[in-house]
Amino acid sequence: MNNTTTILSIETSCDETGVSIVQYNKTTQKYTVLSDSLNSQVEIHKEFGGVFPMVAKREHGNNLTGLLTHCLENVVSIDGSSIDKKNIDFELINREKELTEKIQTELENTSSLLLKIPEIDYIAVTRGPGLEPALWVGLSFAKFLSKLWQKPMLPINHMEGHISSVLLDTESSHIEFPSLALLISGGHTELVDIENWGKYKIIGKTRDDAVGEAYDKAARILGLSYPGGPLIAAKAKKLRESAVESDIQFKKNQFLIKLPRPMQHSQDLDLSFSGLKTAVLYMVRDLKKNQSVENLPEEIIDLICHEFENSVSEVLISKLNFANKSGNRKYKNLIVAGGVISNEFLKENIQNWCLKNNINFLKPEKSLATDNAVMIALAAIVGLNNKYVSIINPNDKAFLEIKPDGDWSLNNI
Ligand code: KG4
Ligand code: ZN
């Protein structure tokens, strides 16, 4: 019996193109990343001040083939089973211009790794949630490879990927339940009750902007570039390290820098960050007017960043409190994932909250906090081990019918 499961995974839900190969050893229950390649489009989207779906789609099409061949160098090909170019079906990727061109160029090389069947068991791909034009590229690519190599395909939920991202850490490779998850990224802000793998219930989410989105929008108002999260974080950190809290508060009072804590006491698990961004907008407008300046001095921008971050932190902590007290669960772990958990201040406050409430704190290693393909492979392995992931063979009827689902909720795994 084969003791390992090897997954090739593909992620294209937003602005990161990821391909990875992850192996799971059934005896040791350990996950090993055999290869991982990631291409971030952040620099390209910077000029638009946010992610532009059709640009993301084009870039995924341009990136995927190169990332895949790079990954394939690290896995063994099945001897003697190379593929005859004449039998390749391009219909599955017809809709993807850039992807088709790149694959065709790659196949001009007769020794291309694409033409050898790799020793993998499954192809996992993000089916949603995310930007549908972007999701289509990854899904079409997965279908093309699935047919080419006759390997089954596994459609994976991106948010389940974020939850599973903590598994790579050896200390948390086995997770006890029930657990609570706080998913905070540029596109999502969700609190999830996890009864077991595959049994998710979204118990709270944002009514409007995601946390990362609020960071990015506030940064834009403050004249900082995209993505603004890390820039706001850096300014708030600089201030925290250079002045004592009472002096910071004194200065804030002096300039009337006070932001709301949206829905902090709403007695439910709903969140909302669009009002916070609007409050920053009005505050900046008023401060500029009062001081008769076109650009705010750096000192004031730093104070606003500090206040913004305090607001986000206080709101998130109060929702964690409510989630922990209002249900009839004794949560064993809090899993926090998504790009915003790169924020050291939020991480520290959440970690302290966990300590106080006797809940184990789990977070992904730094490289897996933002979107990546490794987390998609990890979710696939979990879904296979717990027998709930759909396994779609290239000759199944479902294979041709499967489409991305931009709104695929964790409630419907
Ligand atoms: O998970 P992610 O890479 O992509 C999405 O799925 O959205 O998250 C990206 C988001 C961006 O909004 C970015 O500003 C935010 O994460 N972010 C941060 C920090 N680093 C990244 N927000 C606050 N503080 C940070 N240090
Ligand atoms: Zn994400």
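Each value in this text was obtained by applying a stated rule to the coordinates, not by laboratory testing. These figures come from a predicted structure and were not determined experimentally. Positions of Cβ are backbone-derived with ideal geometry, glycine not excepted, and every protein chain shown enters the neighbour counts.
Annotations
- Residue among L180, T278, S342 farthest towards the positive dipole end of segment 176-363, charges placed on Cβ: L180
- Tail beyond 19 Å, pair distance distribution of segment 263-350 (Cα, percent): 52 percent
- For the chain, the longest principal axis of the alpha carbon atoms and the long axis of helix 53-72 meet at an angle near 50°.
- The slack between E314 and K46, meaning 0.36 nm per residue of separation minus the straight C-alpha distance, is 93.6 nm.
- Trypsin sites (Lys or Arg not before Pro) within segment 346-413, DSSP loop, no more than 15 other Cβ atoms inside 10 Å: K387
- Using the Karplus relation 6.51 cos²θ - 1.76 cosθ + 1.60 with θ = phi - 60°, the per-residue 3J(HN,Hα) values for segment 281-287 come to 4, 5, 4, 5, 4, 5, 5 Hz, with x marking Gly and Pro.
- Cross-link table K205/K251; K237/K288; K258/K289; K330/K363, entries beyond 22 Å C-alpha to C-alpha: K205/K251; K237/K288
- Given their separation in residues at 0.36 nm each and the Cα-Cα distance between them, D268 and H70 gain 66.6 nm when the chain is fully extended.
- Summing +1 for each Lys or Arg and -1 for each Asp or Glu among the other residues whose beta-carbon sits under 15 angstrom from that of F399 gives +2.
- The label point for S246 and the one for D169, both projected 7 Å from the Cα toward the Cβ, are 3.6 nm apart.
- Each peptide in 232-240, 100-108 receives the mean, over its residues, of other Cβ atoms within 10 Å, and ordering these scores from highest gives 232-240, 100-108.
- Computed from Cα positions, the angle between helix 229-242 and the longest principal axis of the chain comes to roughly 40 degrees.
- Fraction in percent of alpha-carbon pairs per bin - 10 Å, segment 176-363: 9, 37, 33, 16, 5, 1
- Using 0.36 nm per residue and subtracting the Cα-Cα separation, the extra length available between E176 and F345 on full extension is 58.2 nm.
- Projecting label points 7 angstrom from Cα along Cα→Cβ for E298 and D407 puts them 4.6 nm apart.
- Spacing of the two label points (7 Å from each Cα toward its C-beta) at N25 and L107, in nm: 3.8 nm
- The chain: proportion of alpha-carbon pairs further apart than 33 angstrom, %: 37 percent
- Residues listed by number, segment 202-242, amide nitrogen under 11 Å from Q291 label point at 7 Å toward C-beta: none
- Local electrostatic count at S225 - Lys and Arg +1, Asp and Glu -1, tallied over other residues with Cβ under 14 Å: +1
- Surrounding net charge for N3, when Lys and Arg each add one and Asp and Glu each subtract one, Cβ distance under 14 Å: 0
- Counting DSSP beta bridges with both ends in the chain, the antiparallel % (nearest 5): 65 percent
- Computed about the Cα centre, the dipole magnitude for the chain is approximately 880 debye when only Lys and Arg (+1) and Asp and Glu (-1) carry charge, each at its Cβ.
- Charge dipole of segment 176-363 (Cα centre as origin; +1 on each Lys and Arg Cβ, -1 on each Asp and Glu Cβ, all else neutral): 340 debye, rounded to the nearest 20.
- With Cα atoms, 0 to 90° folded angle of helix 97-107 axis to the chain main axis: 50 degrees
- With R₀ set to 22 Å, the beta-carbon distance separating K85 from Q150 gives a calculated FRET efficiency near 0.85.
- Relative contact order of the chain: 23 percent, from C-alpha pairs under 8 Å at least 6 residues apart in sequence.
- When peptides 29-40, 13-24, 205-216, 252-263 are ranked by their average number of other Cβ atoms within 10 Å per residue, the highest-first order is 13-24, 205-216, 29-40, 252-263.
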